[in-house]
Amino acid sequence: MFMRRLTLFLITIASIIMVNAQNKIVLTVNGKSMNITLADTEAAHKLKSFVEESPVTVRMNDYGGFEKVGELPWSLPTSNRQLSTVPGDVMLYQGNNIVIFYGTNSWSYTPLGRIEGVTSDEIRSFLAGSHLDAILSADNQSVVSDVKTEGIEELSVYTLQGVKLDMRGRTLADLPSGLYIINGKKHLIKK
């Protein structure tokens, strides 16, 4: 009975993780990453589809002491409206510029999303410098080479069905292609 409940619990958690991942992309600057929870706009959905095909690097520059602005390689559909931004907001400006706020502003933008769960000081530190290269990528998967195992005494690997795999004498490279929960995080192993 316990194993049945544990399996149902793990399946529920995996489903929640997958649904939430569908509404996020990753912003990486100088090797550090933060998740952007996407807005429910056509522009945000289109941005997600582009970065799912391939990560994109955007050269961003400081503007006005409250935001970073960078030109996207493509235009996105606009639905501009007058907004007052706060630190963590991610907006589309003029159809092809992504704007990430570490301060506040009021202007006409199309919402793309929001960096959640961090303070304005953490965002300011994350975006430090007058110029930076920001990488936008899909959040729904990582490959096995992204999993770091240093300092972990025991790998905890589960299938999406909630079955814990015995990893004694095995490495992640020994696993067949598929989606796994490894040490509490979802990973795609591709071969």
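The values are calculated or read from the model by the stated rules, or taken from the named source; none is laboratory data. Being a predicted model, the structure only gives us computed values, none of them experimental. All Cβ positions, glycine included, derive from the backbone under ideal geometry; neighbour counts span all protein chains shown. Calculation scope for accessible area: heavy atoms of the full protein, side chains included, ligands and nucleic acids excluded. Shrake-Rupley method; radii C 1.70, N 1.55, O 1.52, S 1.80 Å.
Observations on the structure shown:
- With respect to the conditions (1) farther than 12 Å from Leu136 by Cβ; (2) free of Cβ contacts under 8 Å to residues at least 24 places away in the same chain; (3) not acidic (Asp, Glu), Lys68 lacks only one, and its number is (2).
- The set of residues from the stretch 166-191 being β-branched (Val, Ile, Thr), open to solvent by less than 70 Å² (accessible area, probe 1.4 Å) and at pLDDT 75 or above comprises Ile181, Ile182.
- For the stretch 49-60, taking the residues that are assigned to a helix (DSSP H, G or I) and out of contact with any Leu (no Cβ under 6 Å at 6 or more places or on another chain), the one that is most open to solvent (accessible area, probe 1.4 Å) is identified as Glu53.
- Scanning the stretch 127-165 for residues that are of a type in the set (Ser, Thr, Tyr), modelled with pLDDT of 50 or more and within 16 Å of the chain's Cα centre (by Cα) yields one hit, Ser137.
- Options Gly95, Gly65: the member that is open to solvent by less than 60 Å² (accessible area, probe 1.4 Å), at positive phi, more than 19 Å from the chain's Cα centre (by Cα) and at pLDDT below 95: Gly65
- Residue in the stretch 105-119 that is surrounded by 16 or more Cβ atoms within 10 Å (Cβ to Cβ), among the charged types (D, E, K, R) and over 15 Å from Thr37 (Cα atoms) present: no
- Among the residues examined, Ser54 does not qualify as hydroxyl-bearing (Ser, Thr, Tyr) and over 14 Å from Ile25 (Cα atoms).
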